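Data block below; observations after.
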Amino acid sequence: MRTEESARVWTIQALLQWTTRFFESKGIEGARLDGELLLANALGWKRIDLYARFDHVPTGNALARFREMVRARGLQRIPSKYLTGESEFYSLPLQVTPAVLIPRPETELLVERALALLAKDQEALVADLGTGSGAIAIAVATHRPLARLVATDVSAEALAVARANAEHHGVSGRIEFRQGDWFAALEAGTCFDAVLSNPPYVAAPDLERAMPEVRDHEPRAALDGGPDGLSCLRVLIGGAPPWLKPGGWLVLEIGAGQAQGVLELAKETEAYGAMQVTPDYQGIPRIASMQVKGVLPGA
Ligand code: GLN
């Protein structure tokens, strides 16, 4: 075995095969893709280049860096995107660090929903509360050139990542970053056309059962939604109305099984009229939108 392994020529093809099997043996989903992402990153190539040069034999620093990342991915279950420091959201490359949640494809549906509510030629003021990597705010700013945004996060480290991403995409001039807890981060008296958020919504007991990548490496503050997962959603739904212009929308990402609870919370406020829930790619109700009424009750 040993002689066989050491006699082997470690081409890109051989490295990918070995790594895929290693990751699979550790129960990692998407083993092949992760191997490709890590190897491409170690070489400073695009993933597609690996296939064009299957017989290339990586050496030196690139090989050492790849080995180190494979170990961290396989043995410590660190998400590959934290190892490469790169992710993609709404076709935009984003820097990610363990201070921010890795943007999920489901959250792109939140952006789509927001873009559907904001006309392209409209000047709008939009909030992204708990922005993390800045994914939502940057995607909206990129696709709505007249929109201005306020992006908040309780974590200064997260805001630094979001700011760097906004600068990279040339939208930092239209996004104001503010540190703080939900609405407390906002400037008093501001009124938004839309308030967007992908808040923490995983019920604490479910988080303990989550994959080690999520449970042990992603920021808990971005995931833990309290005992029933609704703690932050409650704050957002209850608190948003005075921050919205008449007819403005609150658009939230929610967890599986939370749609009914979320709609009930919205009804209890008596502040919202139209409400919609949009399913994700798996048919799970994922994005809840609620429109604040023209005139607030009691106003
Ligand atoms: N979708 C994420 C997960 O399942 C949760 C994101 C969140 O809490 N906002 O890990």
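Using a 1.4 Å probe on the protein chains only, how many percent of the accessible area of the range 77-155 belongs to carbon and sulfur?
Working: 1440 of 2820 Å².
Whole-percent figure for carbon plus sulfur exposure: 51.
Where a ≥ b ≥ c are the square roots of the eigenvalues of the C-alpha gyration tensor, would you call the range 217-263 rounded, which needs a/c under 1.5, or, failing that, prolate if a/b is larger than b/c, or oblate?
Verdict is prolate for the range 217-263.
Determine the sum of side-chain charges near G257: Lys and Arg each +1, Asp and Glu each -1, restricted to other residues whose C-beta is under 12 angstrom from that of G257. Provide the component values of the computation, followed by the final result.
Details: positive: R286; negative: D206, D228.
So the surrounding residues net to -1.
So if each residue of separation counts as 0.36 nm, and I subtract the Cα-Cα distance between K267 and A64, what length gain in nm does that give?
67.4 nm
Given Y281, A204, L250, which one lies farthest toward the positive end of the charge dipole of the range 177-299, if we put +1 on the Cβ of every Lys and Arg and -1 on the Cβ of every Asp and Glu?
Checked the options; the winner is L250.
Run through all the Cα pairs of the range 44-161 and give the fraction in each 5 Å bin from 0, expressed as whole percent.
2, 10, 16, 17, 16, 12, 9, 8, 5, 3, 1
Could you name the lysines in cross-link range of K245, using Cα to Cα under 17 Å and dropping any fewer than eight places away on the same chain?
Cα-Cα hits under 17 Å: K293.
Work out how much length E157 to R104 would gain on full extension: take 0.36 nm times their residue separation and subtract the Cα-Cα distance, in nm to one decimal.
Here the segment from E157 to R104 would lengthen by 17.1 nm.
I want to make sure I understand the PRE zone here: with the label point 7 angstrom from the Cα of R178 toward its beta carbon, which residues in the range 203-245 have backbone N atoms less than 20 Å away?
Within reach of a label on R178: 232-245.
Full-extension gain between E86 and V9, please, as 0.36 nm times their residue separation minus the C-alpha to C-alpha distance.
Length difference between fully extended and current span is 24.8 nm.
Give the Rg (one decimal place) followed by the Dmax (whole number) of the range 161-230, computed from C-alpha coordinates and expressed in Å.
For the range 161-230, the Cα radius of gyration and maximum Cα-Cα distance read 15.5, 42 Å.
Indicate the gyration tensor shape class of the range 146-299 (rounded, prolate or oblate), computed on the Cα atoms with a ≥ b ≥ c the square roots of the eigenvalues: a/c under 1.5 is rounded; otherwise a/b larger than b/c is prolate and the rest oblate.
oblate
Out of H217, A185, A147, whose Cα points farthest toward the positive end of the dipole of the chain (charges: +1 Lys, Arg; -1 Asp, Glu; placed on Cβ)?
H217
Please give, to one decimal in nm, the separation of the simple spin-label points placed at L146 and S25, each 7 Å out from Cα toward the Cβ.
Between L146 and S25, the simple spin-label model gives 6.0 nm.
Quick one: Karplus J couplings for the range 67-75, per residue in order, coefficients 6.51, -1.76, 1.60, θ = phi - 60°, nearest Hz, x for Gly and Pro?
4, 5, 5, 5, 4, 5, 5, x, 8
Calculate I(q)/I(0) for the chain by the Debye formula, one identical point scatterer on each C-alpha and no solvent, and give its log10 at q = 0.07, 0.14, 0.17 Å⁻¹ to two decimals.
Log10 of I(q)/I(0), two decimals: -0.32, -1.02, -1.35.
What accessible surface, in Å², does a 1.4 Å probe find on H56, ignoring ligands, DNA and RNA and rounding to the nearest 10?
Roughly 60 Å² of H56 is accessible to a 1.4 Å probe.
Using a 1.4 angstrom probe, figure out how much accessible area the range 98-161 has per residue, in square angstrom, rounded to the nearest whole.
For the range 98-161, the solvent-accessible area averages 34 Å² per residue.
Any idea how far the Cα center of the range 209-225 sits from the one of the range 133-168, in Å?
22
Return the FRET efficiency for the residue pair Q260, T190: r is the Cβ-Cβ distance, R0 is 41 Å, and the value is rounded to the nearest 0.05.
0.85
Cα gyration tensor of the range 1-90, axes a ≥ b ≥ c as square roots of the eigenvalues: rounded (a/c below 1.5), prolate (a/b > b/c) or oblate? The partial results should precede the final answer.
Details: a/c = 1.73, a/b = 1.24, b/c = 1.40.
Since a/c reaches 1.5 but b/c is at least a/b, the shape of the range 1-90 is classed as oblate.
Could you give the longest part of the chain that holds none of the GluC sites (Glu not before Pro) found in DSSP loops with at most 15 neighbouring Cβ atoms within 10 Å?
30-122
The values are calculated or read from the model by the stated rules, or taken from the named source; none is laboratory data. Values in this document were obtained by computation on a predicted structure and should not be read as measured data. Positions of Cβ are backbone-derived with ideal geometry, glycine not excepted, and every protein chain shown enters the neighbour counts. Surface areas here come from the heavy atoms of the whole protein model, side chains and all, with no ligands, DNA or RNA. Shrake-Rupley method; radii C 1.70, N 1.55, O 1.52, S 1.80 Å.
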